[in-house]
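Below is one structure; the comments refer to it alone.
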Amino acid sequence: GCFVFKPSAKKRKKTTTVDLEGHFTDGCEGAENSKTRFKLCLDLWNKIKTETEDLQDELNRNILDSLLEFTRKCSSTRRHGNWASQMRASEIPTAALVLGVNVPDHDMTFQSLSELLSCSVTPHVASLQAKECGALKHLMKRVLEQLMDTVVDEEEEEEVQHSGAPLHKSIHCSLKALCDWYCSKTKARPRSVLIMHVLVVMVLLITDVCWQKSSCSSSGKKCSSSAVDEQQQPPVVIIFKDLEAFNPKVLQDFILICSRYLDRLPLMFIFGVATSPSTVQRLLPHSVSSLLCIELFQSLSCTQHLTTVIDKLILTPSFPFKLNGKVMQVLVSIFLYHDFSVRNFIKGLQLALLEHFHSQPLSSLCCRKKEAQIQLQQLGAADLERIRQLPSFHRFLKEQEQQDQDNLRTDDAYLKIRELHLICLEKNVWESEDYQSAMKLLKMLAKEELISLLQKCAEVLQPLKSKKMKNALVQLEELLDKLKQLNAAAESAPSGEENLTSPVKNLQKKTDLFQLQKTLLEMNQSRRSKKMSPFEVLRNEAVEFVDSLVKNHLSPPESKPLYEVCYYSSSATVRRHLNATPRTSIQAALSSPHCYIQNDSLASEDGSVSNAAPDICIAHKLHLESGRLINLYDWLEAYSTVVSAAEGDGSDPDGFGKVDEVKHARFIRAVSEMEFLGFIKATKKKTDHVARLTWGGC
Amino acid sequence: MAGVLEHPGYDGEKLRRASKQLPCREVQAGMLLSLMGEPQQFCYPSLFIYGHRASGKSHVVNVLMKELELPHVTVSCVECVSVALLFEQVLVSFFGCDAASLLPRSPSLSDFVRIYKQQTSKFPSQQTRYIVMEQAELLRDANVNLLPALLRLQELVEDNVSVILLSEIVWDKFRPNSGCFEPLLLHFPDYSKAELLHILSAHRHPSHSAEFYSSYINILLGVFYTVCRDLRELQHLAALNFSKFCEPVAAGKVKETETHKLWKNIEPHLKKAMQTVYLREVSSLQWEQMDEHETGALRGLSAHTHVELPYYSKFLLIAAYLASYNPARTDKRFFVKTSNHLLGPKPFPLDRLLAIFYSVVDSRVAPTASIFSQISSLVTLQLLTLVSHDDQLDSPKYKCAVSLDFISAISRTVNFDIVKYLYDF
């Protein structure tokens, strides 16, 4: 779900890799096949993972760069001894970093931020989360622990083992302690080390050009140990990851304290803001916010982020694995409707990937062309039979072509790429309205726009290798040349325009409304009947060409043979896994138990619950029939009647429906289970009644 | 201006130096001195000094303590997250680290008094010791015994010690129900406009004449005096805007004496500063750099109110807003469409929220886990607030914490006419 914090999956992954292979044997006799599938799957996933990480880094780079710039600027301006800076109230430099509403997604950003900071600005970085900082004391403790790398004394918790132990006095959590520590840290640094640092800085400046990717994370340790900083007093950076969730009082007090130490301790804050920057002012009164020098940094919006991710992972020929329209729709709608979380989108992609390689034996062919050919030769008779069984198998076609299509999809720059992709996947593009409107738009475009657009198309087509595409490219370039020539020609012969201007001149003379209308109509007609200008001719030609190109190549993938190999299509599975419906499934389990315990004898024709169903199902059904308050005794009676009917002990008409101890106990258990599931609860209004918590049942 | 501070008990030279640093506070400082008495005399057990922000309370006390070289400790009550810190600071600065290490892990007041007594018998004081407590209003939230004990600490530890409390709040708001020792009250009034002018002008820019600078301060006060009398803040503003004031002079267009022209030049700039940098809408760094790449483009913090939310989160928020502001009995009128969805148990606001949600959202939505987790994330984002206890699983109650403007903006993005559904309109 949405902003649910999930435990990291890293740990699990490493320990169980070996066992995972076994799960891939589904529908496959040779262990060989399952192994290759597993390998392919892992390879692809690793590739996706690195790609997304790179992407993340790249997207964050701008904002992180400006943040780093800000921290550097702040720490350098601090020590200007001029008049203005002396007179100014000392403010704590603060960066408000607006990151969008999905808080768990921010973790990665903050991690790379603090890595970068410790690499290039200061070794002293502490990051705080609101849930760890309920009181000022805890907040202080966290800050001190992270910065000083020690365990800080806290009085109350250890009171249990207080008694006999010798009282070892460790530091108190106060900023004074931090201040002392900082002073000793910065002063202790000998001069020679400083010079060395300057050297390191110079080296780093040279390598700085390409710091963004692996260089930083791999050499992160080295960086932080050498504490690269040109200044003698690197700032102390404190990151508040989720500002909104902090207790305002705690935050205010902390800022007040910090401002008292600012002359000795070069502090700096980074606020992670999920909603809008105005929250800062909502949380802090003027007396506190006047202690801060807040600058705003806005990150990329999450929809833009998703678009880039889709561009990089799905609309690209380098990944053979594809999603079909419905799956794509499920993933995108989870993103847009529920969580705005790119991380979850990628998780969904991972799930689809796993499912695909797990459930589709032919997925061993889902890889690069060359590897696929090798795989193809190794196919056994059974596999071939399987191919024959595929609904789409009529002809064999190179899958490379399918990937070309994806590239082609990026042609139409007017439509949002994502949507177009979806539409492409669902039906023939040229049948959709959007496409038609796009075409109309194309027909009305001005010259320059058309040229630039066609150039873009050409660029997209450039890297492709297949012959068909090369042909298309040549044609396109011819068109472009013609258009450019036209440009030159148009300047020398502006004859066509004269015709147009004359009626316009007439128009100015006429004041009568009716007349005006008439002339306008005439004008329209004359324009239509007029011989098309050479540009228009060319434009139509171009549009038709693009149209034919699209019709030729952008057929829905379902119509292509063997699309099952590359396209994952089980949207229901994905939806079930990613968008859980706890309430519905509980209700389904209670109202149709036969599906759940796979016992057809419990199924009844009219869909009602059979008498022999588990106790809780019967209790649930009976509770649906009652009102807001349920009389427990009536409920018990009804229950006992139903159960007796099921047991069929008609032999004893007197005892029928009588409540015996066993039934009573079973009933109590069913009721307490229902209470546990949240259907009912005890009420103070009437002691022998329970209140119903569900609605809409009857 | 009142004369130099005088007191028989203290060195005249030191007093002169102190009074030089205390412009416009001579009366208060003199009063304080006479309350303190001569160094070796016993002082009144506790003094309570109150006055608005930046009215010179800490400044006067600290300057006197420093210049007269009196044994003292200054403690900020904000910083003392626990009493242990307070005790430790006092003991360290009066008796050294060894004394502080005698404190047990979570010291009580009587531990403190015991150790203090023990130490003071070892190192008896020749002069009055002072404990200065800044932001003393926070003592009201501390242990109920702490404030009364501090007020009569002299008596408890049997030492010549005096506690000076500094506060922005009047003493009446401090007095515990059970009563306590009454401290001597000393009020620091706000600086008058003339006093502000005098003090601010004293810190002139070294490369400009005093007249020029005080004419600048005069203009500054003309703009800001109505909204801000905080000396610290005014000084900050003065520093930020002075370079702009000097611009025409530096360019040679205006002479330093042409006050009116200078005023015309700076006044709109100051007015703008009042709406931006003074409110911290724009940071001081940005404000200074703005001059270079010219006006206006800089948007303040509160201009960014737009929040992007997932589609269903928007509707959940709308539903929460409606549930917060409409009486529950009117729900039926607004939201019952075909079935009697809302006839369920009324006192369960989560259900009510969901019921409204399902009726306002245009498509059919399954009650998935993500819908529920969106509710809790709205709580994390402080757009909703949980009213009932955290541990209440069965029927949590929420409140919607957004404004009508905000919800209207959200509703517009999903084409929902919220006003139509509000009872009040």
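Residue-by-condition table, conditions (1) assigned to a helix (DSSP H, G or I); (2) on the phi > 0 side of the Ramachandran plot; (3) of a type outside the set (Asp, Glu):
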{"position": "B:Asn143", "(1), (2), (3)": "no, no, yes"}
{"position": "B:Gln154", "(1), (2), (3)": "yes, no, yes"}
{"position": "B:Leu166", "(1), (2), (3)": "no, no, yes"}
{"position": "B:Pro176", "(1), (2), (3)": "no, no, yes"}
{"position": "B:Gly179", "(1), (2), (3)": "no, yes, yes"}
{"position": "B:Asp190", "(1), (2), (3)": "no, no, no"}
{"position": "B:Glu195", "(1), (2), (3)": "yes, no, no"}
{"position": "B:Ser201", "(1), (2), (3)": "yes, no, yes"}
{"position": "B:Leu234", "(1), (2), (3)": "yes, no, yes"}
Quiz item: If you take the residues of the range B:152-179 that are surrounded by fewer than 17 Cβ atoms within 10 Å (Cβ to Cβ) and over 26 Å from the mean Cα position of the chain (by Cα), which of them is nearest to B:Glu134 (Cα to Cα)?
Solution: B:Arg152
Self-check item: Members of the range B:187-196 that are surrounded by fewer than 18 Cβ atoms within 10 Å (Cβ to Cβ) and of a type outside the set (D, E, K, R)
Solution: B:His187, B:Pro189, B:Ser192, B:Ala194
Self-check item: Subset of the range A:244-273 [at the interface with another protein chain (Cβ under 8 Å from one of its Cβ atoms) and among the small types (Gly, Ala, Ser)]
Solution: A:Ala245
Quiz item: Among the candidates A:Leu300, A:Leu315, which residue alone is within 17 Å of the chain's Cα centre (by Cα), at pLDDT below 80, surrounded by fewer than 18 Cβ atoms within 10 Å (Cβ to Cβ) and farther than 30 Å from A:Ser90 by Cα?
Solution: A:Leu300
Practice problem: Please find, among A:Ser276, A:Ser287, the residue that is within 14 Å of another protein chain (Cβ to nearest Cβ) and surrounded by fewer than 17 Cβ atoms within 10 Å (Cβ to Cβ). | Solution: A:Ser287
Quiz prompt | Count - residues of the range B:234-256 that are at the interface with another protein chain (Cβ under 9 Å from one of its Cβ atoms) and free of Cβ contacts under 8 Å to residues at least 24 places away in the same chain | solution = 1
Quiz item: Among the helices (runs of 4 or more DSSP H) contained in the range B:76-126, which hold 3 or more residues that are in contact with a strand residue (DSSP E or B) (Cβ under 7 Å, 6 or more places away or on another chain) and either in the same structural domain as B:Val157 (by the TED database) or farther than 20 Å from A:Leu139 by Cα (or both)?
Solution: B:83-95
Practice problem: Hey, can you tell me all the residues within the range A:290-313 that are among the hydrophobic types (A, V, I, L, M, F, W, C), at the interface with chain B (Cβ under 8 Å from one of its Cβ atoms), in contact with an Asp or Glu (Cβ under 8 Å, 6 or more places away or on another chain) and not in a helix (DSSP H, G or I)? | Solution: A:Leu292, A:Cys293
Quiz prompt | Among residues of the range A:333-347, those that are under 9 Å from the mean Cα position of the chain (by Cα) and part of a helix (DSSP H, G or I), counted | solution = 8
Practice problem: Name every residue in the range A:318-330 that is buried (at least 20 other Cβ atoms within 10 Å of the Cβ) and not in a loop (DSSP other than H, G, I, E, B), in order of residue number. | Solution: A:Lys322, A:Leu323, A:Gly325, A:Val327, A:Met328, A:Val330
Quiz item: Which ones in the range B:67-85 are within 12 Å of chain A (Cβ to nearest Cβ) and under 11 Å from B:Val132 (Cα atoms)?
Solution: B:Thr74, B:Val75, B:Ser76, B:Cys77
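Here's the yes/no breakdown for (1) in a helix (DSSP H, G or I); (2) in contact with a Leu (Cβ under 7 Å, 6 or more places away or on another chain); (3) modelled with pLDDT under 80:
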| site | (1), (2), (3) |
| --- | --- |
| B:Arg364 | no, no, yes |
| B:Ser370 | yes, no, no |
| B:Ile375 | yes, yes, no |
| B:Thr385 | no, no, no |
| B:His389 | no, no, yes |
| B:Gln392 | no, no, yes |
| B:Asn415 | no, no, no |
| B:Lys420 | yes, no, no |
| B:Tyr423 | no, no, yes |
Exercise. Residues that are modelled with pLDDT of 80 or more and more than 12 Å from chain B (Cβ to nearest Cβ): find the helices (runs of 4 or more DSSP H) completely inside the range A:1-103 holding 1 or more of those.
Key: A:31-77
Quiz item: Which residue, of B:Ala273, B:Ala320, B:Ala239, is more than 23 Å from A:Thr94 (Cβ to Cβ), modelled with pLDDT of 75 or more and outside any loop (DSSP other than H, G, I, E, B)?
Solution: B:Ala320
Quiz item: Residues of the range B:97-114 being of a type outside the set (Gly, Ala, Ser) and under 15 Å from B:Ala149 (Cα atoms), which ones?
Solution: B:Pro107, B:Leu109, B:Asp111, B:Phe112, B:Val113, B:Arg114
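The values are calculated or read from the model by the stated rules, or taken from the named source; none is laboratory data. Quantities reported herein were computed from a predicted structural model and do not represent experimental measurements. So basically every Cβ, Gly included, is an ideal-geometry build from the backbone, and we count neighbours across all protein chains shown.
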